[in-house]
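Here the structure comes first, spelled out in structure tokens, and everything after it is commentary.
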Amino acid sequence: MMKVTILTENTVYKRGLLGEHGLSLLVDTGRQRYLFDTGQSRVFVHNAAKLGIDLKGLDGVILSHGHYDHGGGLEYWQELGNVPIYVQEKAFEKKYNENSRTGKLYYIGLEDKGGWQKKADVRKLSGGGTQIADGVYLLSEIPYTTHFEPVPGCFWKFGLQHPGDELLVDKMEDEQLLVIEAEEGLCVFAGCAHAGIINCLRYVQTIFPGKHIHCLVAGMHLKNSDAGRIEETIRALKEIKIDIVVPVHCTGICAIAKMRESLGSVCILPEVGKEIAIENKWREK
């Protein structure tokens with residue numbers, strides 16, 4: 001049985017727990033324990049302690065991409081012990097977002113607070129796919145294949161090769177999907193799915209042909225999307241026939257509400273502290 005605990009999320013209801021704009025999930029496969037993202041601060045450590053969860057002895061920390069609200073908590077890497085941190089190498093590019101009102105750019109990339117980039121066991125990955133354990137995979141460099149999920153127009157970067165040169169459109173090639181093979185099918189985790197969640201899932205289907213996608217826990221970056229894109233996304237999710245969908249973080253309230261209305265009990269509403277047990281007959285705690 002696999003268990004997923006939400007340590008950091010935008011929504012919180014339980015007393016004593018904290019929320020923030022960010023994401024951190026503890027994924028327990030039954031054989032390994034991974035921390036998927038760290039939010040933007042120490043909130044994930046606070047919430048784990050409140051929930052009675054020991055974050056020592058993890059098999060790895062997986063950074064979904066190089067934005068502050070997913071990797072900011074790595075400042076506190078020493079509290080996790082000597083654990084490998086899996087990062088796609090392009091996550092270290094200097095990343096910026098564009099203010100839709102003023103057009104000005106502001107920094108949203110990773111910082112080396114706490115010295116984690118130099119002192120921790122950072123494993124920089126390259127290429128589109130890496131297997132880090134038996135049945136555990138990281139996929140990046142997600143291709144844009146759907147007609148309704150184009151390259152985001154608001155993200156910019158300075159590349160690793162020439163960091164002081166030309167400002168480039170950021171195609172978010174560093175975004176990593178965590179894919180775990182379970183008895184019931186594939187369990188897919190995405191931090192923000194900037195390339196589009198359906199592009200992400202089609203990529204997973206290409207890498208694992210014929211495999212059923214059983215569970216999806218993902219930020220889907222639909223917060224500012226129009227109704228048409230949200231409807232297209234839900235239609236595609238139905239076609240893929242995923243058993244469990246947990247839309248977290250940047251999916252946005254409107255999109256989450258429409259998914260719940262359309263997908264029914266298949267869609268689990270996220271909140272800090274929620275534990276989701278994934279088995280033949282899934283149950284929510």
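Rule-based calculations on the coordinates, nothing more; no lab input. Since we're looking at a predicted model, the values are computed, not measured. Note that we place each Cβ from the backbone using ideal geometry, even for glycine, and neighbour counts take in every protein chain shown.
Let's test the formula: R0 of 35 Å, r as the Cβ-Cβ distance of His147 and Tyr13. What FRET efficiency results, to the nearest 0.05?
Rounded to the nearest 0.05, the efficiency is 0.40.
Residue separation times 0.36 nm, minus the C-alpha to C-alpha distance between His46 and Ser126: what's the value?
Length gained between His46 and Ser126: 25.6 nm.
Computed FRET efficiency, Cβ-Cβ of Glu111 and Arg31, R0 35 Å: what is it to the nearest 0.05?
In this case the efficiency is close to 0.60.
Would you tally the net charge around Glu141, using a Cβ to Cβ cut-off of less than 10 Å, leaving Glu141 out, and scoring K and R as +1, D and E as -1?
Overall, the nearby charge balance is -1.
Per 0.36 nm of contour for each residue apart, how much would the distance between Leu269 and Leu168 grow if the chain were fully extended, relative to their Cα-Cα spacing?
32.8 nm
Can you pull out the cysteines in the chain that have no other Cys Cβ under 4.7 Å?
Lone cysteines by the Cβ rule: Cys154, Cys192, Cys200, Cys250, Cys254, Cys267.
Just the number, please: percent antiparallel of the DSSP beta bridges in the chain, rounded to the nearest 5.
65 percent
How many nm is it between the label spots at Lys104 and Arg235, if each spot is 7 Å from the Cα in line with the beta carbon?
Between Lys104 and Arg235, the simple spin-label model gives 4.0 nm.
Based only on other Cβ atoms within 10 Å, what is the fewest-to-most ordering of Ser140, Ser24, Ser262?
Final ranking by Cβ density, sparse to dense: Ser262, Ser140, Ser24.
Compute the relative contact order of the chain as a whole-number percentage, counting only Cα pairs closer than 8 Å that sit 6 or more residues apart in sequence.
Once divided by the residue count of the chain, the mean separation gives 18 percent.
At a 10 Å Cβ-Cβ cut-off, how would you order Arg101, Arg229, fewest neighbours first?
Arranged by neighbour count, lowest to highest, Arg101, Arg229 become Arg101, Arg229.
Per residue of the chain, what 222 nm ellipticity follows from adding -39500 (n - 2.57) for every DSSP H run with n ≥ 4, rounded to the nearest 500?
Roughly -5000 deg cm²/dmol at 222 nm, from the helical runs in the chain.
Which entries in Lys171/Lys211; Lys94/Lys124; Lys56/Lys90; Lys94/Lys171 show an alpha-carbon gap greater than 20 Å?
Listed pairs above 20 Å: Lys171/Lys211; Lys56/Lys90.
Could you give the distance between the Cα centres of segment 1-62 and segment 214-266, to the whole Å?
That distance is 22 Å.
Within straight cross-link reach of Lys3, meaning Cα distance under 13 Å, which aspartates and glutamates are found once same-chain residues fewer than 8 apart are removed?
Correct list for Lys3: Asp28, Glu275, Glu279, Glu284.
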